[in-house]
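Here it is, the structure in full.
Every read-out reported here was derived from the displayed coordinates using simple, explicitly stated rules and does not represent laboratory data. None of the values given here were measured: they were computed from a predicted structure. Cβ atoms come from the backbone with ideal geometry, glycine included; neighbour counts cover every protein chain shown.
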Amino acid sequence: MTDLRIGAIGCGYWGPNLIRNFIEIPGAQVIAISDLQQESLDRMMQRFPQIETSTRNYTDLFEMNLDAVVIATPPATHYEIARNCMEHGLHVLVEKPITLNSRDAADLIKVAEANNCVLMVGHTFEYNSAVRAVKQMIRDGELGDIYYIDAIRASLGLFQTKANVVWDLAPHDISILRYLLDADPISVSTHGSSCVQEGIEDVAYTTLTFPNNVLAHIRSSWLDPSKQRRITVVGSKKMVIYDDVEPLEKIKIYDKGVKAIRRTDTFGEFSFAYHYGDVVIPYIRFDEPLRVQCQHFLECIREGKQPQTDGHNGMRVVQVVEAAQRSMKSAGDTVLVNSNGHGDPADVRQSRELAHA
Ligand SMILES: NC(=O)c1ccc[n+]([C@@H]2O[C@H](COP(=O)([O-])OP(=O)(O)OC[C@H]3O[C@@H](n4cnc5c(N)ncnc54)[C@H](O)[C@@H]3O)[C@@H](O)[C@H]2O)c1
């Protein structure tokens, strides 16, 4: 089996994590890195001296007989770079969000098909063994009917200047919710506030309705004193908290619940039977999610498989963010998630402008 030849585009904050993983996974070789910033390239060359080539122009990678590229540049640039790479026959793993509007995401899906390329988006949490364990519990009926899910992703920073906190943080939670519930949300309502930078929301509250009356809520914030990455799933039988900040005990299963029992003596009144059982912390074998994600990308290239987080998965998440954006602009009005059409032409224009800003 010959090694797959990988190029990395973008080595700012997140790119080096992808580069490290592709270097460490057997069966892949990182051949070249591209970034607009010479200092970032110099840092990479010091850290990974085995990589021979670095370049400021990513199109130089087209001359290096690569199989695939991994793109960790700012979101506004994803569409143009991913499209160009696939048109040159390269398989693409692009960071989240896949694009800043769903029309561009749909176009990338077409370009991938036309060029026989694997197109995968870095929704890392779908490769996280704790998230997968929660999904298994839901699937096995261990939690009963799901009533609601609450997601929090908050810390101080990292502030962005070209995209708000919903574009930056919510894609992770939207991808987790879709994955856990095996469904797309029907509607979204988002309130946001721009506390630090004018016009760029740094805190947002998004309420989503899923089929079967399942309610979900996402709190996204760059302006919070403590780092929180927590998902609470409340079911009719049990409740689960997945806390990604916990180093070892990431999942706690609470055998807790309450039943409303109709009283026979007074018409229409209820009494409540509370149940307090054990709290179980299951052992979860933890493999680095990013490693699992990168391995899956390589496997999809080798076996011609569709990735779990393929272009369609990326586009669905973008459609939810688009609905959240529209809602936020209209002070939290409920907006239907448009899973058939593609956002507002003004959004497309705005994201193209951002790419060249
Ligand atoms: N999966 C995750 O958990 C996770 C975490 C953090 C960031 N991300 C994603 O990773 C991506 C990058 O985020 P970041 O925080 O590393 O941003 P960053 O700004 O720190 O780094 C982006 C780098 O891309 C480079 N770049 C920009 N345009 C380029 C071009 N045309 N060619 C080559 N290089 C170019 C910049 O010079 C910069 O070094 C974003 O899409 C972000 O959403 C994902």
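For region 196-201, just list the computed ³J(HN,Hα) in residue order, Karplus coefficients 6.51, -1.76 and 1.60, θ = phi - 60°, integers in Hz, with x standing in for Gly and Pro.
Whole-Hz 3J(HN,Hα) from phi for region 196-201: 9, 10, 4, x, 10, 4.
Using helices alone, I'd like the mean residue ellipticity at 222 nm for the chain: each DSSP H run of four-plus residues gives -39500 (n - 2.57), total over residue count, nearest 500.
It lands at -10500 deg cm²/dmol.
If every alpha-carbon in region 128-280 counts as one equal scatterer, what log10 I(q)/I(0) does Debye give at q = 0.09, 0.18, 0.20 1/Å?
-0.35, -1.08, -1.22
How far apart, in nm, are the 7 Å Cα→Cβ label points at Leu158 and His88?
2.5 nm
In whole Å, how far is the Cα centre of region 209-241 from that of region 74-101?
Their Cα centres are 30 Å away from one another.
Let me have the relative contact order for region 92-205, percent, based on Cα pairs under 8 Å that are six or more residues apart.
It comes to 24 percent, rounded to a whole number.
Given charges of +1 on the Cβ of Lys and Arg and -1 on the Cβ of Asp and Glu, with all other atoms neutral, how large is the dipole of the chain about its Cα centre, in debye to the nearest 20?
Using only the charged Cβ atoms, the result is roughly 700 debye.
How big is the dipole moment of region 53-170 about its Cα centre under a simple scheme where the beta carbon of each Lys and Arg is +1, that of each Asp and Glu is -1, and everything else is neutral? Debye, nearest 20, please.
Here the size comes out at about 200 debye.
Continuing with this model, one more query. For the chain, set up a GNM with springs between Cα atoms under 10 Å and report which of Asp173, Asp333, Asp104 has the largest fluctuation.
The residue with the greatest mean-square fluctuation here is Asp333.
State, as an integer percentage, the relative contact order of the chain based on alpha-carbon contacts under 8 Å between residues 6 or more apart.
19 percent.
I've got another one for you. Subtract the Cα-Cα distance of Ala331 and Asp140 from 0.36 nm times their separation in residues, and report this length gain in nm to one decimal.
Extra length available between Ala331 and Asp140 comes to 64.9 nm.
Could you tell me the distance between the Cα centroids of region 270-343 and region 134-163, to the nearest Å?
Going from one Cα centre to the other spans 8 Å.
So, one more: Based on the mean of other Cβ atoms within 10 Å per residue, sort peptides 49-58, 204-213 so the most packed one is first.
Order by mean packing, descending: 204-213, 49-58.
Here's another thing I want to ask about it. Name the residue, out of Ala170, Ala114, Ala324, whose mean-square fluctuation peaks in a Gaussian network model built on the chain with Cα pairs under 10 Å.
Ala114
With +1 on the Cβ of every Lys and Arg and -1 on the Cβ of every Asp and Glu, and nothing else charged, how large is the dipole of region 128-280 about its Cα centre, in debye rounded to the nearest 20?
Roughly 280 debye for region 128-280.
Let me ask you something else. Give me the orientation-averaged projected area of the Cα convex hull of the chain, in nm², one decimal.
Projected over every direction and averaged, the Cα hull of the chain covers 20.5 nm².
For the charge dipole of the chain, defined by +1 on Lys and Arg C-beta atoms and -1 on Asp and Glu C-beta atoms about the Cα centroid, which residue among Met45, Gln197, Val280 has the Cα displaced farthest towards the positive pole?
Val280
Another one. List the residues, sorted by chain then number, that are 5 or more residues from Ala8 or on another chain and whose placed amide H is less than 5 Å from its amide H.
Ala32, Ile33, Ser34, Val70
Additional query: For a quick check of your reading of the filter: which chymotrypsin sites (Phe, Trp or Tyr not before Pro) in region 221-289 sit in a DSSP loop and have no more than 13 other Cβ atoms within 10 Å?
When the chymotrypsin sites (Phe, Trp or Tyr not before Pro) of region 221-289 are filtered for loop state and at most 13 Cβ neighbours within 10 Å, Phe267, Tyr283, Phe286 remain.
Check cross-link reach from Lys135 to the lysines: straight Cα distance under 29 Å, and skip same-chain residues fewer than eight apart.
Reachable lysines: Lys96, Lys227, Lys237, Lys238, Lys250, Lys252, Lys256, Lys259, Lys305.
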